[in-house]
Amino acid sequence: MDSEHWRAVVTAAQAGDRRALDELVAGWLPLVYNIVGRALNGHADVDDVVQETMLRAVGNLGSLRDPDSFRSWLVAIAMRQIRDRARRKTPDRLEEAPASDFADLTVLRLQLEGQRREVAEAVRWLDDEDRQLLSLWWLEVAGELTRRELAAAVGITRQHAAVRVQRMKERLETSRGIVRALDGACPGLRELTGRWDGRPDSVWRKRLARHIRGCGYCGGTRETVVPAERLLAGIALVPLPVGFTLSLAFGGKTAVAATSAGWSAKLLGALTKPAVAVTAGATIVAGGAYVVTQPPDAPPPRAAIAPTATATSEPPRTSAPPAPTPRSSPSATKETDPYGTVVDAVDRAPDPDTPPAALPRRPESGITSTGGPKAVMQHRGDRVTLTGRGYVLVRWQISPGSRPGALVMPSWTGLKGRLFHVASGGSRRMDDPLPGAPNGYATGMGGPGIGYAVLPPGTQQMWQNEYFYLDGTVTLTQNERGCDYGLTVFPTNRDAVVEDIGQGPPQGAIRYGLVRDTGTDRAPVPQYVTRETPADPATVPQRSRV
């Protein structure tokens, strides 16, 4: 960032210039959001810590003697608030899960793939102190912070910072190896993680690291591992989420309380003027409420964000409501709304060298999952509920070496809305031959030495990665009985689907992926899906009409 420009902006904001204050907040809020988000891994307290950081920065702006030191001063405030939050944690909040995992937000919003995705996901396996340090080192290698600013924010010398960073990098590389191994299909790792609840922690990091060090299957990699700093240098700041609201007026306090807290009269006057400024995809409205309306280059949100109470007394303008749908006869409805009449059928594998057709573009606003960004379902009865509009990856891992036999397929229940089977990928169908596979596996479905996983008659052969598009809500249940299998469920996006299915034999894959989506309601509906919520999801019919 241009130091001359920001020196002038800080100086003007200290003098009570409202536009300068707006620009200062809009320019530096993303940096604070990324530091806090990564340090707390998207915990529900992120918004509160960001809010408190910006309140303290704006409220104490007049005490900053050197405008050139604004960035390091702001980062130090953010780290102090993060540490204060850790000290305030009560025992009943120690096990709270993140509200929205920041590693997943980084992957989705920046559309990361390959080793950059791997680094972002490895952050989940770090301890709190390492994550806090990584939140700063990430910005250092990206050119947003200097090593001097990093050390000052942590409250240590530059020499000590170098030692801390090196130790953190070693644990980050260990975590990258775990992410890489969990994406694989090692039967030994599958057995080891059978008791794991899917939540990363230091105990399981050590267990999995020990397995990887002694396992030729997990320890090997087909590609050169790029150093983390080279990967992080190319990753931008994660944009603020749509609807992020930051009240800079009084933080819920009265004007008297704000004044007693050290707010200058000039700042109070500037913040309470009935003005509106629009900057960097965000709006600062009267009273100092900062509302992100749309991140840069993002697709339009599904619905307009409601204005804050202080924004305007006028009702929000909206487009004209859609015309009501005329009533029609049952036969006409069936013709114009065919959804649910097309169900996946048994199909033959395409030619391995045939690239997939173009994947139709469907609207995306994101999927939330009760299982988090990576739900691991290893046992009968494990389930995850998905809600939103976007793409979902279901990754198969079948272990006939543990227990061969008939597969009882997973089922989709309680569907509200629409669900399509849009693509298959992962570089192979599970019945493709696996040359050189360990432990007697001839294909992903097993082999003569260990037995096979057997599909029910009429069931479609699954691929390693199966992609679905959801517009609504649905619950996926693992119904393992007979052959041993596991599912990993990831919310994803169209670009990730396209990249996966586009990997073919020239890139070392067994086959290209397959596009199933027709772009209409006539796209395939998955087998084993129902709008009902049966007591036993394993009883859902194979070709349930939805």
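The values are calculated or read from the model by the stated rules, or taken from the named source; none is laboratory data. It should be emphasised that the depicted structure is a prediction, and the values quoted were computed from it without experimental measurement. Cβ placement follows ideal geometry from the backbone for every residue including glycine, while neighbour counts extend to all protein chains displayed. Heavy atoms of the whole protein, side chains included, go into the accessibility calculation; ligands, DNA and RNA do not. Shrake-Rupley method; radii C 1.70, N 1.55, O 1.52, S 1.80 Å.
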*Among the residues of the stretch 10-26, which ones are within 29 Å of the chain's Cα centre (by Cα) and open to solvent by less than 20 Å² (accessible area, probe 1.4 Å)?*
24, 25, 26
*In the set 362, 327, 383, which member is at pLDDT 90 or above and open to solvent by 70 Å² or more (accessible area, probe 1.4 Å)?*
383
*asked:* On the basis of being at pLDDT below 95, more than 20 Å from residue 490 (Cβ to Cβ) and not acidic (Asp, Glu), does residue 458 make the cut?
replied: yes
*Qualifying positions in the stretch 25-51 - without any contact (Cβ under 8 Å) to a residue 40 or more places away in the chain and either charged (D, E, K, R) or within 17 Å of residue 72 (Cβ to Cβ) (or both)*: 48
*Search the stretch 469-500 for residues being aromatic (Phe, Trp, Tyr) and open to solvent by less than 10 Å² (accessible area, probe 1.4 Å), and hand back the single one that is nearest to residue 386 (Cα to Cα).*
469
*Residue among 441, 512, 452 that is over 24 Å from the mean Cα position of the chain (by Cα) and either charged (D, E, K, R) or assigned to a strand (DSSP E or B) (or both)*: 452
_Return the pair list, or none, for Cβ contacts closer than 6 Å from residues in the stretch 522-534 that are farther than 15 Å from residue 410 by Cβ and part of a loop (DSSP other than H, G, I, E, B) to residues that are open to solvent by less than 30 Å² (accessible area, probe 1.4 Å) and of a type in the set (Phe, Trp, Tyr), at least 6 apart or on different chains._
523/420
*residue 391 versus (1) in contact with a helix residue (DSSP H, G or I) (Cβ under 9 Å, 6 or more places away or on another chain); (2) part of a strand (DSSP E or B); (3) open to solvent by 40 Å² or more (accessible area, probe 1.4 Å); (4) over 18 Å from residue 196 (Cβ atoms): which is the lone unmet condition?*
(3)
*asked:* Taking the conditions exactly as written (in contact with a Gly (Cβ under 8 Å, 6 or more places away or on another chain), crowded, with 22+ Cβ neighbours inside 10 Å, modelled with pLDDT under 95 and on the phi > 0 side of the Ramachandran plot), does residue 446 satisfy them or not?
replied: yes
*What pairs can you find where one residue is in the stretch 125-146 and over 21 Å from residue 85 (Cβ atoms) and in contact (Cβ under 8 Å) with a residue 24 or more places away in the chain, the other is hydrophobic (A, V, I, L, M, F, W, C) and assigned to a loop (DSSP other than H, G, I, E, B), and their Cβ atoms are less than 6 Å apart, with a gap of 6+ or different chains?*
141/233; 142/233
*Identify the residue in the stretch 501-537 that is out of contact with any Pro (no Cβ under 9 Å at 6 or more places or on another chain) and among the hydrophobic types (A, V, I, L, M, F, W, C) and, among all such residues, is surrounded by the fewest Cβ atoms within 10 Å (Cβ to Cβ).*
535
